[in-house]
Amino acid sequence: MKYVDGSNVRIGDRVILENNEIAIVVLVADSDEQNPEFPKNEWADIQEGILVKTARGALVQFHDCHSDSLLRA
């Protein structure tokens, strides 16, 4: 998965959500990357996109990064 600017989304990237909340990328399904806290076997139903963890602790899935709803921080 890539950001709008063409760079790859990586585990640990800080992103800004649509509501200006900061989140951290914890799973990149497309490249089979995951944070040890969030092993892929626990998220096997996510076949594409990314999973981010917000500062409030919420987990949010994104299928693509080609919108203003997810920007690199």
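The values are calculated or read from the model by the stated rules, or taken from the named source; none is laboratory data. Just so we're clear, the structure is a prediction, and the values are computed from it rather than from any experiment. Cβ placement follows ideal geometry from the backbone for every residue including glycine, while neighbour counts extend to all protein chains displayed.
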request  = Check Gly57, Gly49, Gly12 and return the single one that is at positive phi and in contact with an Asp or Glu (Cβ under 8 Å, 6 or more places away or on another chain).
outcome  = Gly49
task = Only residues that are surrounded by fewer than 18 Cβ atoms within 10 Å (Cβ to Cβ) and either over 16 Å from Ala73 (Cβ atoms) or in contact with a helix residue (DSSP H, G or I) (Cβ under 8 Å, 6 or more places away or on another chain) (or both): list them for segment 5-32, please.
result = Gly6, Asn8, Asp30, Ser31, Asp32
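Would you mind stating whether Val4 is in a loop (DSSP other than H, G, I, E, B) and touching a Ser or Thr at 6+ places or on another chain (Cβ under 9 Å)?
Numbers: in a loop (DSSP other than H, G, I, E, B): yes; touching a Ser or Thr at 6+ places or on another chain (Cβ under 9 Å): yes.
Yes, satisfied.
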remark   = All conditions in (1) buried (at least 16 other Cβ atoms within 10 Å of the Cβ); (2) assigned to a loop (DSSP other than H, G, I, E, B); (3) not aliphatic (A, V, I, L, M) are true of Lys53 except (2)
ask   = Is there any pair linking a residue in segment 11-23 that is without any contact (Cβ under 8 Å) to a residue 40 or more places away in the chain to one that is assigned to a loop (DSSP other than H, G, I, E, B), with Cβ under 9 Å and at least six apart or on different chains, and which?
value = Ile11/Asn35; Gly12/Asn35; Glu21/Ala55; Glu21/Arg56; Glu21/Ala58; Ala23/Ala55; Ala23/Ala58; Ala23/Ala73
message = Can you say whether Asp13 is charged (D, E, K, R) and at pLDDT below 85, as far as the supplied structure shows?
response = no
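For segment 60-68, indicate whether the set of residues that are within 10 Å of the chain's Cα centre (by Cα), part of a strand (DSSP E or B), surrounded by fewer than 18 Cβ atoms within 10 Å (Cβ to Cβ) and free of Cβ contacts under 8 Å to residues at least 40 places away in the same chain is non-empty.
Within segment 60-68, the subset within 10 Å of the chain's Cα centre (by Cα) is 60-65.
Filter once more, keeping what is part of a strand (DSSP E or B): 60-62.
In the following step, the residues that additionally are surrounded by fewer than 18 Cβ atoms within 10 Å (Cβ to Cβ) were identified as 60-61.
Within this subset, residues satisfying the condition of being free of Cβ contacts under 8 Å to residues at least 40 places away in the same chain are 61.
Checked segment 60-68: at least one residue is within 10 Å of the chain's Cα centre (by Cα), part of a strand (DSSP E or B), surrounded by fewer than 18 Cβ atoms within 10 Å (Cβ to Cβ) and free of Cβ contacts under 8 Å to residues at least 40 places away in the same chain.
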